[in-house]
1. Loosely packed, with under 14 Cβ neighbours inside 10 Å and in contact with a helix residue (DSSP H, G or I) (Cβ under 7 Å, 6 or more places away or on another chain), is that true of Arg90?
2. Of everything in region 37-65 that's without any contact (Cβ under 8 Å) to a residue 40 or more places away in the chain and buried (at least 20 other Cβ atoms within 10 Å of the Cβ), which residue is nearest to Asp175 (Cα to Cα)?
3. Of the conditions (1) of a type in the set (Lys, Arg); (2) within 24 Å of His154 (Cα to Cα); (3) part of a helix (DSSP H, G or I), Lys64 satisfies every one except a single condition; which number is it?
4. Going by what's in this entry, would Gly115 be described as surrounded by 16 or more Cβ atoms within 10 Å (Cβ to Cβ) and either out of contact with any Leu (no Cβ under 8 Å at 6 or more places or on another chain) or over 17 Å from Val33 (Cα atoms) (or both)?
5. Taking into account only those residues within region 38-78 that are of a type in the set (Val, Ile, Thr) and touching a Pro at 6+ places or on another chain (Cβ under 9 Å), which is nearest to Ala137 (Cα to Cα)?
6. Scan region 73-83 and give yes if some residue there is in a helix (DSSP H, G or I), surrounded by fewer than 16 Cβ atoms within 10 Å (Cβ to Cβ), within 18 Å of the chain's Cα centre (by Cα) and not aliphatic (A, V, I, L, M), otherwise no.
7. Assuming Ile140 fulfils every condition listed in (1) of a type in the set (A, V, I, L, M); (2) surrounded by 18 or more Cβ atoms within 10 Å (Cβ to Cβ); (3) out of contact with any helix residue (DSSP H, G or I) (no Cβ under 7 Å at 6 or more places or on another chain) apart from one, which condition is it?
Amino acid sequence: MDTNNIAAVLGKLDFEIFVLTAAHQDRRNGQIVCWVVPATIVPQLPRILVGIGWKTFTRELVEKSHRFALNLLGKDQWPLVTHFGFRSGREMDKFATLPFERGVTGSPILSGTVGYLECEVRTVLDAGTGAHLFYLADVIDGKIVADRSPLCLHHLPDVLPPEDFATMQRLLQYDAQCNLSLLKHTATSNKLS
């Protein structure tokens, strides 16, 4: 297996950037996600599959509420990547200074995005102990707010200030190393079973 060739093919995918938001009782949070894909071709039954880090505060809220919203960012909204992606909601209220409304799921809907989807969890797929969880969810509401180009992962080197891009790369590298060690541990445990 040539991982460089595989990475080159996967690098051609255009990962749009969303702020995934969730709320439970008086707690709310949001985080950056870009593993969002349609999970059906049936327009009358829209579903999505989204990956969320195992250790995030937002995931805890999704687990309790079984609901979340996906806010699709526009290219001009790149500052929200650092706002929602670099700090934990356990340390701060990420919505304290941002305008938002509560959607039908109770999740925060950010102002000025390209659009949003509100979702109800159908099932959870575990990618490996401590790695990522993938939520298959029914889309129960959504709307295009502004018809403009979304922010994508490949845009970030051009729009983020160099120090923020370096921070993002460090965070992604750290996540990748954690996932790799967990996946290796799971593979070794499965061989021993």
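1. For Arg90, the condition - loosely packed, with under 14 Cβ neighbours inside 10 Å and in contact with a helix residue (DSSP H, G or I) (Cβ under 7 Å, 6 or more places away or on another chain) - is met.
2. Across region 37-65, the extreme among qualifying residues is Thr56.
3. If we test Lys64 against (1) of a type in the set (Lys, Arg); (2) within 24 Å of His154 (Cα to Cα); (3) part of a helix (DSSP H, G or I), just (2) comes out false.
4. Here the answer is no, as Gly115 does not meet what is asked.
5. Here the residue is Ile48.
6. Yes.
7. For Ile140, the failing item is (2).
We did not get these values from a lab; they are worked out from the coordinates using the rules stated. Treat the numbers as computed from the prediction; the structure is a model and nothing was measured. Note: ideal-geometry Cβ built from the backbone for every residue, glycine included; neighbour counts use all protein chains shown.
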